[in-house]
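**Q** Pasting a structure below so you can have a look.
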Amino acid sequence: MSMSSAAVAEVGGPYAAALAQFDRAADQIGLEPNLRAVLRVPKRELTVNFPVEMDDGSIHVFTGYRVQHNLTRGPAKGGIRYYPSTDLDEVRALAMWMTWKCAVINLPYGGAKGGVTVDPRALSRHELENLTRRYATEIIPLMGPDSDVPAPDIGTNEQVMAWIMDTYSMHKGYSVPAVVTGKPVAIGGSEGRAQATAMGMLVATREVLRRLGRPLGGTVAVQGAGNVGRGVLELFSAAGFQITAISDHRGGLYNPRGLDAARLSAHLRDGGWVSACEGVGDPISNAELLQLDVDVLTPAAVEGQIHAGNAANVRAPLIVEGANGPITPEADAHLHDRGVTIVPDILANAGGVTVSYFEWVQDLQQFFWSSDQITRRLSRHMRTAVQSVWDLAEAQRVSLREAAYQIAIARVAEATRLRGIYP
Ligand code: GLU
């Protein structure tokens with residue numbers, strides 16, 4: 001049996017970064033060429049162009065994607081992103097990262113991602129609903145509780161998930177809550193899902209600090225003020241960390257004595273930009289935020305924020321990746337050589353998909369858990385994953401990212417070998 005990789009363009013974007021990470025770990029575990037060829041490429045890619053009627057009566061044609069990278073270990077799982085620069089290359093990378101994320105945390109899922117190239121803040125609520133329902137309809141051939149289960153990502157939220165659930169259910173003729181996660185609790189969502197990513201990051205951060213022999217507290221700079229960044233602000237400050245800086249793409253605020261987390265999070269929940277929250281700190285740019293001398297840096301925005309051009313200026317000794325792919329492979333190697341500890345995205349931010357898994361299980365069983373049960377089970381999943389990644393990194397003398405990839409790739413490879421290649 002001999003195979004070669006399908007022709008998928010390898011440019012310098014997120015997918016090239018994802019492939020570089022994959023290739024390095026595949027080399028380290030000596031992955032056979034056949035499996036490497038299978039796992040390097042997405043299984044399915046759907047591009048859809050679809051019309052949406054805007055409030056002024058005009059028709060706008062949007063482009064969306066759903067990419068399923070791998071389904072060997074279970075249904076495809078991954079969020080849907082509404083973002084102005086989203087393209088197929090980005091969605092491919094995000095889908096592949098979901099495969100490894102689900103594998104490293106040992107969820108019975110494959111990886112997928114969806115996206116629409118749009119700035120959701122520029123749409124009215126009615127336009128957002130129209131766009132969501134039409135996009136959901138276009139990807140129905142892929143979606144389903146046994147085949148592909150979307151969730152929120154940048155630019156989407158509980159309400160968008162509710163519309164997706166309703167659209168799918170209308171086509172079926174009955175309610176199918178398990179087709180999507182991150183829904184409101186009132187229609188089959190899970191307790192704890194909204195803050196699950198930040199909660200998982202908190203557990204991972206404390207586990208790593210403890211193993212490094214450092215105090216379980218200190219100063220934190222957060223890049224990003226969406227679901228993940230705001231969650232970090234709220235949960236890390238409640239846990240005794242001092243959030244000294246936070247930003248969105250317009251810029252951020254800095255206060256060396258710690259930002260007033262309660263005031264800021266109320267402001268963010270009302271939809272305000274970080275920089276518009278008065279009296280909590282001084283203005284700071286995103287570039288400056290990434291260079292702050294803090295104990296923990298959490299990039300929780302988009303890909304490629306720490307790159308060859310600015311990695312040398314990063315001073316935090318511990319980076320916990322809330323975003324997917326925030327550090328390019330070049331910057332990653334530079335930081336690792338300098339002794340910076342990086343908790344990689346596929347481990348650090350896996351709390352979100354872990355509670356998505358809990359939500360899906362609860363929906364399928366129609367039996368719901370308390371928020372205490374969710375928190376306990378999430379902590380257990382995160383602690384187990386950190387333990388295995390840490391131990392392998394120590395044993396192999398590799399970075400936490402390389403160890404996480406080794407574990408994830410080995411799990412997917414094992415499942416592929418066991419199932420065999422059909423026919
Ligand atoms: N979008 C989130 C992520 O990147 C969550 C995915 C999910 O819950 O399926 O991990």
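The values are calculated or read from the model by the stated rules, or taken from the named source; none is laboratory data. Computed from a prediction, not measured in an experiment: that's the story for all the values here. In this analysis, Cβ positions are derived from the backbone assuming ideal geometry, glycine residues included, and neighbour counts consider all displayed protein chains. Remember, those area values only see protein heavy atoms, side chains included, never the ligands or the DNA or RNA. Shrake-Rupley method; radii C 1.70, N 1.55, O 1.52, S 1.80 Å.
**Q** Specify the residue with the greatest mean-square fluctuation among G13, G304, G182, computed from a Gaussian network of the chain linking alpha-carbon atoms under 10 Å apart.
**A** In this elastic network of the chain, the residue with the biggest mean-square fluctuation among G13, G304, G182 is G13.
**Q** Enter the accessible area of S237 (Å², nearest 10), with the probe set to 1.4 Å and all protein chains included.
**A** Its accessible surface works out to 40 Å², give or take rounding.
**Q** Please list the non-local residues whose amide H lies under 5 Å from the amide H of I342, H modeled 1.01 Å from N, same-chain partners needing a gap of 5 or more.
**A** It is I319, L400, by chain and number.
**Q** Below 8 Å, C-alpha to C-alpha, sequence gap of six or more: please give me the relative contact order for the chain in percent. Could you put the intermediate results ahead of the total?
**A** On the way: 874 pairs, mean separation 67.7, N = 423.
The normalised contact order for the chain reaches 16 percent.
**Q** Given the peptides 346-356, 106-116, 126-136, 283-293, arrange them by the average over their residues of other C-beta atoms within 10 Å, most packed first.
**A** Values: 346-356: 29.5, 106-116: 25.9, 126-136: 20.6, 283-293: 17.1.
In decreasing order of mean packing, 346-356, 106-116, 126-136, 283-293 become 346-356, 106-116, 126-136, 283-293.
**Q** Which whole number of Å³ per residue matches the convex hull of the alpha-carbon atoms in region 1-144? Don't skip to the answer; put the middle values down first.
**A** On the way: hull volume 17.7 nm³, N = 144.
In region 1-144, the Cα convex hull volume per residue is 123 Å³.
**Q** Leaving out ligands and nucleic acids, note down the accessible area per residue over the chain with a 1.4 angstrom probe, in whole Å².
**A** 40 Å²
**Q** Pull up the DSSP beta bridges for the chain and report the antiparallel fraction as a percent, rounded to 5.
**A** Details: 24 of 51 bridges.
Antiparallel bridges make up about 45 percent of those DSSP assigns within the chain.
**Q** To continue, here is another question. At 18 Å minimum axial length over the Cα atoms and a Kyte-Doolittle cut of 0.5, report the qualifying DSSP H helices in the chain, or say none. Intermediate values should be presented prior to the final figure.
**A** On the way: long enough: 14-28 (21 Å, -0.27); 88-104 (24 Å, 0.58); 125-138 (20 Å, -1.71); 158-172 (21 Å, -0.34); 196-212 (24 Å, 0.60); 351-365 (21 Å, 0.05); 371-396 (37 Å, -0.73); 400-419 (29 Å, 0.05).
Taking the DSSP H segments of the chain (at least 18 Å long, mean hydropathy at least 0.5), we get 88-104, 196-212.
**Q** Here's something else I'd like to know. Given axes a ≥ b ≥ c from the Cα gyration tensor, I'd like to know whether region 309-423 is rounded (a/c under 1.5), prolate (a/b larger than b/c) or oblate. Can you show the working numbers first?
**A** Values: a/c = 2.25, a/b = 1.43, b/c = 1.57.
Oblate.
**Q** Ok, one more. What order do you get for 376-385, 212-221 when each peptide is scored by the mean count of other beta carbon atoms within 10 Å, highest first? All intermediate terms of the calculation are to be shown ahead of the outcome.
**A** Values: 376-385: 18.0, 212-221: 16.1.
Ranking, from highest mean packing down: 376-385, 212-221.
**Q** Please say if the chain is rounded, prolate or oblate, where rounded means a/c under 1.5 for a ≥ b ≥ c the square roots of the C-alpha gyration tensor eigenvalues, and otherwise the choice is prolate for a/b larger than b/c and oblate otherwise?
**A** On the way: a/c = 1.43, a/b = 1.07, b/c = 1.33.
Verdict is rounded for the chain.
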